[in-house]
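Read through the structure below, which is laid out as structure tokens, and then see the notes.
None of the figures in this text is laboratory data; all of them are computed from the coordinates on show. Keep in mind the model is a prediction, meaning the values are calculated, not measured. Here the Cβ positions follow ideal geometry from the backbone for every residue, glycine too, while neighbour counts run over all protein chains shown.
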Amino acid sequence: MTEALTQDAFLDGKVRVWQPRTGYRAATDPVFLAACVPARAGQTVLELGCGVGVASLCLHARVAGLHLTGVEIQPEYAALARRNGAENGAALAVVEADIAALPADLRAQRFDHVIANPPYYAAHGPEAQDKTRDRALREDTPLSVWLDVALRRCRDGGHISIIHLTERLPDLLAGLSGRASCAVLPLAARAQRPARRVIVQARKGGRAPLVLLPPLVIHEGETHPGDGEFFTAPVRALMRAAGGLDLQAMARG
């Protein structure tokens with residue numbers, strides 16, 4: 001099976017993961033997601049739809065002493081997440097299950113943090129040729145269910161962090177309304193460009209008004225002059241030095 005996999009580095013090599021050579025492959029989104037989680041040593045974290053475990057392992061690289069649990073529906077990705085957790089020295093327990101039908105022992109638990117990178121594309125859209133990629137990217141389970149599961153598994157006062165397309169922001173806020181206070185971080189590829197993705201962080205039971213934060217600009221300049229990354233300084237700190245973004249502090253001003 002090894003020839004069908006690649007081992008890829010994240011956070012400047014602090015995290016190394018095996019993932020399929022073809023099919024769904026993690027890129028920058030789980031790194032951004034992990035950077036925004038306000039976790040502290042000793043806390044519990046649940047990742048819904050963990051794939052090969054990149055977000056959880058990037059969070060582990062930034063915050064030691066976390067108790068991590070991932071839920072993944074696809075057996076091959078769940079197996080890789082277990083392998084990646086072990087090889088990165090992380091206490092990552094991976095449950096192979098549909099998030100809409102979690103096992104009873106998991107339904108009995110509450111977590112300090114719940115994180116997710118739900119599928120981006122609508123159920124009725126064109127299919128990807130690779131079936132595992134299609135299942136990872138297509139919204140078979142409605143976003144409202146992802147949000148409901150996240151809220152149910154999060155303890156009161158805990159945080160839910162989700163990265164998604166900007167066009168789904170109304171759905172995200174509708175699903176959290178009345179049950180959590182929210183801060184929204186837009187992610188823009190370049191200055192003066194529309195933000196195509198957002199990170200929504202919700203505090204369960206919070207009553208504070210919605211906060212729309214200034215966008216995080218990912219790349220310097222108007223175009224790439226070559227093959228380099230050209231990250232802005234704040235993004236370079238996230239991508240290379242395992243830095244974090246404190247959305248709660250930013251929301252307080």
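Using DSSP, restrict attention to beta bridges with both residues in the chain and report what percent are antiparallel, rounded to the nearest 5.
50 percent
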Problem set entry | Relative packing of peptides 245-253, 160-168, 231-239, 63-71 - highest average C-beta neighbours within 10 Å first | 160-168, 63-71, 231-239, 245-253
Exercise. Can you give me the pair-distance distribution of segment 2-252, C-alpha pairs, 5 Å bins, whole percents?
Worked result: 1, 6, 14, 18, 21, 18, 14, 6, 2, 0, 0
Seminar exercise, completed: In deg cm²/dmol, rounded to the nearest 500, the helical mean residue ellipticity at 222 nm of the chain, built from -39500 (n - 2.57) for every DSSP H run of length 4 or more, is -8000 deg cm²/dmol
For this session: Over the alpha-carbon set of segment 48-120, work out the extent along each principal axis and list the three values in angstrom, largest first.
Result: 30, 27, 24
Exercise. Taking the chain as a Gaussian network, where each spring joins two C-alpha atoms under 10 Å apart, which residue of ALA79, ALA26, ALA191 fluctuates the most?
Worked result: ALA191
Exercise. Given the options GLU76, GLU222, GLU96, which has the most mean-square fluctuation in a GNM of the chain, springs set between C-alpha atoms less than 10 angstrom apart?
Worked result: GLU222
